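Here is the structure we will look at.
Here, each number is a calculation from the coordinates, and none is a lab measurement. Note that the coordinates shown come from a computational prediction; the quantities given were computed from them, not determined experimentally. Here the Cβ positions follow ideal geometry from the backbone for every residue, glycine too, while neighbour counts run over all protein chains shown.
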Amino acid sequence: MSASLARLEICLSSKWVGLLCGLVFLVSAHVAAAAQQPKPGEAQKAPAVSQAKKKPKVMVFTLSGTPAPGKQWERPRGVPKVQPLSIGEKLTIAQGVHGIPALSAAAGTPFLTLYPGHLYDPLGSLELGWPEWDRLGIAYYSQAIATGYEDARDSLAKEEHAELTFKADAGNVYLVDFIVVIEVPTTSTGERDFELKVSGLAPSEVKAFSGGNHLTAVFYVQTGGYYTARLGLKPKQNGGTYPRWGDWYFLATDVTKFVPAQ
């Protein structure tokens, strides 16, 4: 074999080897890419796994024995049922407040009523601070939960409150009525001093007596928005302790809207 033929054979062999290596590389790359792509079945399962992670766990208590009926909760004795004020009574109260424009009974509209057990409405909400208990429309406030510890009792009494938040429209007059009951018979005195704080206004004080009470406030809204009315215990004076007032019940807060007469 001549030298030229030998060189040609070597050149052709090198080219075939190069082509073969290139083909092997391309096949390997294709196989690797195919392996990385999810299979149709796997692609459908992925969202299901994601959804499964968002589902809460379901736990079941293992009970033994035979269930027995309990006693139905009853309204505490001595707590009177307080009827809401009539539109006429509310109108008289509202017109007796200085700075309130002329109103008419026809313009009075029941706006919002909230109570323990119904704390939220699209028009407003109610928050109960530190009642000893609340159930079925009654919240019970008692300083007796810390009897014997004046500092603790005063701290808890300071937090006793019912706070109303509601949306008011500009140009209307609103009458807010907190219905409370001083325990009958009282544990000490037959009265209790309350403080009412309304958004943007100075705190106002009022005294409630044994039995049912309507603690009312009237204000003329000139700027629409959300307003808060917080009924709580009158702050103690001169660094002293709270008097031994009787316990009290909160029954409801009632809001009536009046439109000024044309």
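General observations
- Sorting the segments 59-65, 106-112, 250-256 by their residues' average number of neighbouring beta-carbon atoms within 10 angstrom, most packed first, yields 250-256, 106-112, 59-65.
- Summarising the label geometry, the points placed 7 Å from Cα in the beta-carbon direction at L136 and S104 lie 4.4 nm from one another.
- Set of lysines near K158 by C-alpha distance (under 23 Å), chain-local residues within fewer than 8 positions excluded: K197, K207, K234, K236
- Each peptide in 159-166, 114-121, 216-223 receives the mean, over its residues, of other Cβ atoms within 10 Å, and ordering these scores from highest gives 159-166, 216-223, 114-121.
- Fewest-first ranking of F209, F194, using other Cβ atoms within 10 Å as the exposure measure: F209, F194
- Computed from label points 7 Å out along Cα-Cβ, the spacing between H118 and D193 is 3.4 nm.
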